[in-house]
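K.L.:
Here it is, the structure in full.
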């Protein structure tokens, strides 16, 4: 099936955090608090996606308060931290929202994302992902992790539907 047809079916986007929504750096301050940099373009893209009726979720193996804060700011529908089995989580999320896996896109960048990327309707990755992930991705973003990858995927989905317009800002 052509990528455009696959993109048109997407109702929910799930994204890994480190290496996708951030550049993958793990930075700690003197008190041991983790610091992450999120790109504003992803935030606006997520806002547009939600205005168009899309669902969004962050899926990560790590647990940090900074990711929780960003998810709260963006009113993310699903924040899943400490996830060891992303494929099992996918099944639970699909059941919760009445979705088929073909209606879910996943953004991943490293080997822990391999299985879930094979299980969704559209898999995407940053340009600087590991080679094994680039090889299986349906869509390889032009941008690197932390530089607007989720926004780029959202644009591709909405353009495939003819909905990348009329933002209401």
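K.L.:
Kindly indicate the residue of the range 118-137 that is in contact with a helix residue (DSSP H, G or I) (Cβ under 6 Å, 6 or more places away or on another chain) and part of a loop (DSSP other than H, G, I, E, B) and also surrounded by the fewest Cβ atoms within 10 Å (Cβ to Cβ) among those meeting that condition.
P.N.:
Restricting to residues being in contact with a helix residue (DSSP H, G or I) (Cβ under 6 Å, 6 or more places away or on another chain) and part of a loop (DSSP other than H, G, I, E, B), the top hit is 121.
Conditions tested, residue by residue: (1) under 17 Å from residue 109 (Cα atoms); (2) in contact with a helix residue (DSSP H, G or I) (Cβ under 9 Å, 6 or more places away or on another chain).
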position: 11; (1), (2): no, yes
position: 58; (1), (2): yes, yes
position: 64; (1), (2): no, yes
position: 69; (1), (2): no, no
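K.L.:
Would you tally the residues in the range 147-162 being over 17 Å from residue 101 (Cα atoms), more than 11 Å from the chain's Cα centre (by Cα) and surrounded by 15 or more Cβ atoms within 10 Å (Cβ to Cβ)?
P.N.:
5
K.L.:
So which of 71, 88, 105 is out of contact with any strand residue (DSSP E or B) (no Cβ under 7 Å at 6 or more places or on another chain), outside any loop (DSSP other than H, G, I, E, B) and either within 21 Å of residue 148 (Cα to Cα) or modelled with pLDDT of 95 or more (or both)?
P.N.:
So the residue among 71, 88, 105 that is out of contact with any strand residue (DSSP E or B) (no Cβ under 7 Å at 6 or more places or on another chain), outside any loop (DSSP other than H, G, I, E, B) and either within 21 Å of residue 148 (Cα to Cα) or modelled with pLDDT of 95 or more (or both) is 88.
K.L.:
Report whether or not residue 115 is more than 24 Å from residue 40 (Cβ to Cβ), surrounded by fewer than 23 Cβ atoms within 10 Å (Cβ to Cβ) and touching a residue at least 40 places away in the same chain (Cβ under 8 Å).
P.N.:
no
K.L.:
Restricting to the range 1-57, count the residues that are touching a strand residue (DSSP E or B) at 6+ places or on another chain (Cβ under 7 Å), in contact (Cβ under 8 Å) with a residue 60 or more places away in the chain, surrounded by fewer than 18 Cβ atoms within 10 Å (Cβ to Cβ) and in a loop (DSSP other than H, G, I, E, B).
P.N.:
The total comes to 1.
The values are calculated or read from the model by the stated rules, or taken from the named source; none is laboratory data. Bear in mind the structure is a predicted one, so any value in this text is a computation, not a measurement. With ideal geometry, Cβ positions are generated from the backbone for all residues, glycine too; neighbour counts draw on all protein chains shown.
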